[in-house]
Amino acid sequence: MIPAHIYNDPEIFELERDRLFSRAWSFVAHESEVPNAGDYVVRHVLEDSFIVSRTSTGEVRVMFNMCLHRGMQVCRAEMGNASHFRCPYHGWSYRNDGRLAGLPFHQEAYGGEEGFKRKGQRLLSPPRVSTYNGLIFVSLDQGAPDLEDYLGDFKFYLDYYSKQSSSGVEVKGPQRWRIKANWKIGAENFAGDMYHTPQTHTSIVEIGLFREPKAEKRKDGTTYWAGNGGGTTYKLPPGSIEERLRYVGYPDEMIDRMKETWTQQQKDVVGEDGFMVSAASIFPNLSFVHNWPKVEDSDEVVPFISIRQWRPISADETEVLSWFMVDKEAPEEFKQLSYKAYVMSFGSTGMFEQDDVENWVSLTSTAGGSMAKRLLLNSRMGVKSDDSPVSPALTKDEYSGPGKVHVGYGEYSQRAFLNEWADHLERPEPEATDTEVGSSDSSTTQSQNTIAEPLNAG
Ligand code: FES
Ligand code: FE
């Protein structure tokens with residue numbers, strides 16, 4: 001049972017800041033957003049602003065966007081291309097790898113190099129930076145597990161979205177907007193809520209936008225939780241892997257590349273077991289969606305993939321960042337139609353988006369009142385009164401993928417998400433181990449340099 005007030009409670013939000021977002025891995029950007037030397041984007045983990053930049057030597061760096069002098073935000077644009085960033089306050093300038101390049105009146109104000117050595121000064125790095133399939137994550141906890149361990153078995157599912165060929169994916173966006181809703185609601189919904197589709201999105205199905213005749217078909221799919229993420233799948237009609245991927249709308253050349261890229265086990269979930277990934281979330285606040293609506297006036301469906309981040313602003317407000325994602329090798333015509341499918345479904349004005357947000361804003365507003373403190377929400381879907389599951393977890397013979405997997409409606413993933421959330425909130429916050437003055441060649445800087453290791457080149 002879930003206390004209803006957790007969806008709009010400033011005290012809970014403080015705990016989330018101190019104990020969850022200070023520790024978990026947070027997505028900041030995809031490498032394809034900064035393809036050329038000098039490209040940068042600015043992203044946030046709660047209030048912390050980070051510059052993600054491609055340096056002149058082709059590495060990706062993530063830097064805390066706060067000037068070493070008096071703390072001004074060094075970069076105020078959201079994205080662009082620059083060899084240097086100049087702080088607007090007093091004019092200190094930094095190379096796009098974070099090294100201090102110059103400062104006005106160095107001699108007069110600081111006594112030159114003798115008084116203040118520029119060499120070795122660089123913008124602070126987040127304690128940990130790592131990538132998976134080009135997705136760049138940071139953790140503010142030096143002691144966080146390695147990203148791949150953190151993702152665990154969810155990597156198996158993440159590949160369906162972010163590795164459809166050996167070239168990987170590219171992203172477009174983000175579209176960015178704010179909703180008066182708590183950040184957890186969207187993350188939970190994408191992690192496992194197949195149950196809302198027949199009700200919330202019934203009109204979309206009725207107007208024939210989707211091939212599936214009935215939204216109730218969602219109960220034939222699965223929910224899964226694996227590693228630090230979970231999601232839902234659709235059940236595909238009988239057929240070979242090729243026929244099933246064609247049913248979703250992929251052209252043959254993309255299907256060939258998927259078959260070359262995915263492991264046998266990944267292929268078996270689609271080709272043998274007949275399931276196709278739909279929405280998913282990586283704990284805490286990065287979600288994915290894969291769907292295949294009809295676009296234009298034809299009966300053909302076109303698949304799209306979108307990633308989105310639920311950036312918490314406060315207990316009752318979330319900034320949504322939403323990207324279109326597509327295989328780099330996909331034909332140009334496919335990319336255009338797929339983008340259209342994304343915009344009309346899950347872009348800021350997308351039909352699904354409008355339906356969902358109406359619910360989440362209303363839920364958040366009610367959760368902020370005093371009666372919500374007395375209410376425990378029913379979150380028991382999928383278990384009987386004796387706590388045995390309504391549909392037992394699938395065995396390896398029935399389903400080839402990892403994780404705990406159930407067919408039909410159930411709130412297994414939402415409970416796994418909230419268990420993870422509660423575990424974080426019950427643990428004391430991680431100790432800040434590396435207070436830095438952004439400074440020079442001291443031993444503390446050595447450790448900073450270690451954590452500031454550049455990501456892969458190119
Ligand atoms: Fe940046 Fe002074 S705060 S130069
Ligand atoms: Fe929805």
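For the stretch 91-204, what's the radius of gyration and Dmax over Cα atoms, in angstrom?
22.6, 71
Post the alpha-carbon centroid distance, the stretch 350-375 to the stretch 377-432, in whole angstrom.
22 Å
Over the chain, what is the mean sequence separation of C-alpha contacts under 8 Å (at least six apart), divided by residue count, expressed as relative contact order in percent? Could the numbers behind the result be given before it?
Numbers: 963 pairs, mean separation 104.4, N = 458.
Relative contact order here is 23 percent.
Could you point to the residue in Gly120, Ala372, Met254 farthest towards the positive end of the chain's charge dipole, with +1 and -1 charges on the Cβ of Lys/Arg and Asp/Glu respectively?
With unit charges placed on the Cβ atoms, the residue in question is Gly120.
So, with +1 on the Cβ of K and R and -1 on the Cβ of D and E, and no other charges, what is the size of the charge dipole of the chain about its Cα centre, to the nearest 20 debye? List each step's numbers first, then the result.
Details: 48 positive and 67 negative charges, 152 e Å.
So the magnitude is around 720 debye.
Identify all lysines with a Cα-Cα distance to Lys180 below 27 Å; exclude those on the same chain that are fewer than 8 residues away in sequence.
Lys172, Lys340, Lys373
Take each of the peptides 277-283, 295-301, average the number of other beta-carbon atoms within 10 Å over its residues, and list them starting from the highest. Working shown, then result.
Working: 277-283: 25.7, 295-301: 12.1.
The densest-packed peptide leads the list: 277-283, 295-301.
Under 5 Å between amide H atoms, partner at least 5 residues away or on a different chain: which partners does Ala101 have, H built in plane at 1.01 Å?
Hits under the 5 Å cutoff: Ser93, Tyr94, Arg95.
Enumerate cysteines in the chain without a disulfide-compatible partner, where compatibility requires another Cys Cβ under 4.7 angstrom.
Cys75, each lacking another Cys Cβ under 4.7 Å.
Just order 377-386, 333-342, 361-370, 6-15 by mean Cβ neighbour count inside 10 Å, highest at the front, would you? Spell out each step's value before the answer.
Numbers: 377-386: 12.5, 333-342: 19.5, 361-370: 15.7, 6-15: 17.3.
Highest to lowest by the protection proxy: 333-342, 6-15, 361-370, 377-386.
How high is the relative contact order of the stretch 210-299, given as a whole-number percent (alpha carbon pairs under 8 Å, six or more residues apart)? Present the calculation step by step, with values, prior to reporting the outcome.
Details: 104 pairs, mean separation 29.1, N = 90.
Computed over the stretch 210-299, the figure is 32 percent.
Bear in mind that the values in this text are calculations on the coordinates, not laboratory data. The structure displayed is predicted, hence computed values, not measured ones. Methodologically, a virtual Cβ is constructed for each residue, glycine included, from the backbone with ideal geometry; neighbour enumeration extends over all protein chains shown.
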